[in-house]
Each structure stands twice: as structure tokens, then as C-alpha cells.
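Nothing in this text is a laboratory measurement; each read-out follows from the coordinates by a stated rule. Bear in mind that the values here come from a model prediction, so they are computed numbers and not experimental data. Don't worry about glycine lacking a Cβ; one is built from the backbone with ideal geometry, like all the others, and counts go over all protein chains shown.
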Amino acid sequence: MKDFLAISDYSSDEIQDLLDLAVKLKKQYFKKGNKPIFKGKVLGMIFQKPSLRTRISFDMAMRHCGGDALYLSPSEIGLGKRESIADVARVLSGYVQGLMARVFEHEHVLELAKWSEIPVVNGLSDYNHPCQGMADALTIQEKFGKKSRGLNVSYVGDGNNVTTSLMHVSAQLGWNVTVATPEGYDVNPKAIEIAQKIAKKTKSKLTFVRDPHEAVKGAHVIYTDTWTSMGQEEETAKREKIFPPYQVNAKLVSEASKDVIVMHCLPAHRNQELTDDVADGKHSVIFPQAHNRLHAQKAILARLFDVA
Ligand code: CP
Ligand code: NVA
């Protein structure tokens, strides 16, 4: 595996293998201690947008295992502005051993991967958020077990980058996915087409509805995300008028399966897409989910560096 840019670039077996490795590395972290598998390696982290989880979890993943990470801020690099993406990729290839990039346009992370001689990890683009999807799948398998085919995963809210990766990882693992979005805020049609191809192979079911109540019936997982993603800030007021019926609150959660877990990639806008009582209630797994970014990403880096 050269890069980690999209969950759909890998087979179901490869995704499960990464999850198994994440479980192993997580056990090491809590029990025996980390092994210095990233010794001598530095990860360059290019950020064009803010981040808490992605930045810190990648940085700590490298440090825990004997490596290091460099934060490269938007103003420093000027990706595609101060210097072409191809030149940035080729220069950094001689300094660091891997790159992680959070970009606005998905094409930019593809361009970085095309020109770099070192592995590139997608730390979120306008199209997808595959590292999030891996941490989400790890969290779901921790709760429902590895043999959880036929599980019902429901996403409620804006059809965005996080939805794409959740849909793809769920289809890869044989989970049924129901997505409820308001009209005009559907998931990227290309992502749906890819999900349908995966679902055909794994026999998972994909359903797209408008009604969030219909979406959560029988759900084992309810997932939501911000109504306004980074880069869409000028639409905030308009979106705040459209999305309230899609709020994940106690009433909506009560309509799902009894053992439902509630997920959110964070940052959450509390009492908008997710109410405080649900975020901090017994169904919520939002913090273990955030913590799993660390373990899932260690597994991704270990495979890319070919050290596990
Ligand atoms: N979920 C996630 O990617 O969080 P950050 O934007 O804080 O990295
Ligand atoms: N959909 C959100 C996810 C943040 C982690 C965004 O792109 O801003």
C-alpha cells in the first residue's frame, strides 16, 4: 500500500486487516507498551484547515512508536499558491518519510500522492475523511464484534466528507447503511455510486431517505456531523434554518434499536446537530471514537511504512 487516500481504494479484507492491526496496536499501547516501529521516521503534516483530533492523534501516533511529526501550517506552505503541489511533494519527499494532508479540494491530496515518492495519507478533504472512517469502524466493531454483518448504520444530517467514508467502510464490512439528508444536501453522487459497487460485493444494503425518523428505525448506530463543514462557513445561517429536523436528540435516539450507539466525528456543535443529553448520555461513544483515531492511524502508518 503506497498511500491511504480513500477506503474504497482497498478491499474488504485489507480494511479488516487494518482494523485487526489497530486492535493489536491498541492493546500494546494499554498493556505491554508501544514498540518503536516508527523509529527514524518523520511524518510531515500539511494542514490547510484547523484540526484538533487529526493533528494530535497523528503526532502522538508517531511519537508513541519512536518517530516524530512536523506540523506545516497553511500560511507556511501555501500549497498550490506559493509553490505548486507537485513541487511541494517532490521537495518534501527528500526530507520526511511520510505525509499527511488535510486539504480543501480532494484533487489536491491526489496530486500530492501522484508526485510524492513517500506515502501520503488523506487527513480530510471536501470529498472524504478515510482515517475517520477507520476509527469509526474500529469503534463499531469494539461495540458489536467483528462478526457484525447486517448491522444497521444510520447517518442523519449533511451528506458530506464524513458520510462518504462512513458509507464506504460500512459497505466494505457488510453493514447496511441508511442516510437521511434534506433535499439539496445529498451525499456526493460519485461516492454513492462507489458505495453501491462495494455493497453489491458484500451484500450490504444502501438506503437514502429524507425522513430522519424513518432512517433510525432499527438502527444500531446513529451517526451525525456538523451541518456546516469547514469551507462552507458563508452558508451557516441558511443551513441552521434547514437542518433542525435532523437534530440527533433523545426522541430520535429512542426510536432506534435499544442498544444503539451514537457517534459523531467531532467537533460537535452541541444542541445543533447533537443535543448535550445525547452527547453525554449512555448511548454516546463520541470520546472513545475520537480516541480510536490514534490506534486506527497507527495501523495505517504501520502498513504504509511497511513495519508491521
Ligand atoms: N474529527 C476530526 O477530524 O477532528 P479534527 O477536525 O479536530 O481533526
Ligand atoms: N464534515 C466536517 C468534518 C470535520 C472533522 C468538516 O469537513 O468540517
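Placing one identical point scatterer on every Cα of the stretch 46-89 and ignoring solvent, what is log10 I(q)/I(0) from the Debye formula at q = 0.26 Å⁻¹?
Taking Cα atoms of the stretch 46-89 as identical point scatterers yields -0.89.
Quick one, what does Rg over Rh come out to for the stretch 259-308 if you take C-alpha atoms and the Kirkwood Rh?
Numbers: Rg = 14.5 Å, Rh = 12.4 Å.
Reported Rg/Rh, Kirkwood definition of Rh: 1.17.
Provide the per-residue ³J(HN,Hα) series for the stretch 174-180, in order, calculated from phi with Karplus coefficients 6.51, -1.76, 1.60 and θ = phi - 60°, each as a whole number of Hz, with x at glycine and proline positions.
In residue order, the calculated couplings are x, 8, 7, 10, 10, 10, 10 Hz.
Relative to the longest principal axis of the C-alpha atoms of the chain, give the angle of the C-alpha long axis of helix 189-202, reported between 0 and 90° and rounded to the nearest 10°.
Rounded to the nearest ten degrees, it is 80.
Using only alpha carbon pairs under 8 Å that are at least six residues apart, calculate the relative contact order of the stretch 183-308 and give it in whole percent.
Working: 115 pairs, mean separation 28.6, N = 126.
Relative contact order, the stretch 183-308: 23 percent.
Classify the stretch 1-132: rounded, prolate or oblate, from the alpha-carbon gyration tensor (a ≥ b ≥ c, eigenvalue square roots; a/c under 1.5 rounded; otherwise prolate if a/b is larger than b/c)? All intermediate terms of the calculation are to be shown ahead of the outcome.
Values: a/c = 1.85, a/b = 1.43, b/c = 1.29.
Prolate, since a/c reaches 1.5 and a/b exceeds b/c.
Mind running the shape call on the chain? Use the C-alpha gyration tensor, a ≥ b ≥ c as the square roots of the eigenvalues: rounded below 1.5 for a/c, prolate if a/b tops b/c, oblate otherwise.
Working: a/c = 1.72, a/b = 1.38, b/c = 1.25.
Prolate is the answer for the chain, as a/c is 1.5 or above and a/b outweighs b/c.
Mind checking the angle between helix 130-144 and the chain's longest principal axis? C-alpha axes, 0 to 90 degrees, to the nearest 10.
50 degrees
Which ³J(HN,Hα) values, rounded to whole Hz and listed in residue order, are derived for the stretch 82-97 from phi using the Karplus coefficients 6.51, -1.76 and 1.60 in 6.51 cos²θ - 1.76 cosθ + 1.60 with θ = phi - 60°, glycine and proline given as x?
3J(HN,Hα) across the stretch 82-97, in whole Hz: 5, 8, 5, 4, 4, 6, 4, 4, 6, 5, 5, 4, x, 10, 10, 9.
Sequence-distant or interchain residues sharing an amide H contact under 5 Å with L70, placed H: which?
Distant-sequence amide H within range of L70: L43, G44, M45.
Can you bin the stretch 162-308 into rounded, prolate or oblate? Criterion: square roots of the alpha carbon gyration tensor eigenvalues sorted a ≥ b ≥ c, rounded for a/c under 1.5, prolate for a/b above b/c, oblate for the rest. Before the final figure, lay out each step's value.
Working: a/c = 1.38, a/b = 1.27, b/c = 1.09.
Rounded is the answer for the stretch 162-308, as its axis ratio a/c remains below 1.5.
For L206, which sequence-distant residues (separation of 5 or more, or a different chain) have an amide H within less than 5 Å of its own amide H, given hydrogens modelled in the peptide plane?
Amide H neighbours of L206, under 5 Å, 5+ apart: V177.
Hey, got the Cα dimensions of the stretch 58-185 along the principal axes, in Å, largest first?
For the stretch 58-185, the Cα spread along each principal axis is 46, 41, 22 Å.
Loop-only trypsin sites (Lys or Arg not before Pro) in the stretch 30-106, please: DSSP not H, G, I, E or B, and at most 10 other Cβ atoms within 10 Å.
Working: sites: K31, K32, K39, K41, R53, R55, R63, K81, R82, R90, R102; in loops: K39, K41, K81, R82.
Qualifying residues, ordered by number: K81.
Using only Cα atoms, find the angle between the long axis of helix 161-172 and the longest principal axis of the chain, and express it within 0 to 90 degrees, rounded to the nearest 10.
Between the helix axis and the principal axis of the chain, the angle is about 80 degrees.
Taking the Cα centre of each part, how many Å lie between the stretch 73-98 and the stretch 240-308?
Between the Cα centres of the stretch 73-98 and the stretch 240-308 lies a distance of 32 Å.
Using the Karplus equation 6.51 cos²θ - 1.76 cosθ + 1.60 (θ = phi - 60°), what ³J(HN,Hα) coupling, rounded to whole Hz, does each residue of the stretch 46-62 give in order, writing x for Gly and Pro?
Values, residue by residue: 8, 10, 9, 9, x, 6, 10, 4, 4, 4, 6, 5, 5, 4, 6, 4, 5 Hz.
Grab the DSSP H runs of the chain that are 4 residues or longer, score each as -39,500 (n - 2.57), total them, divide by all residues and round the 222 nm result to the nearest 500 deg cm²/dmol.
Per the formula, -12500 deg cm²/dmol.
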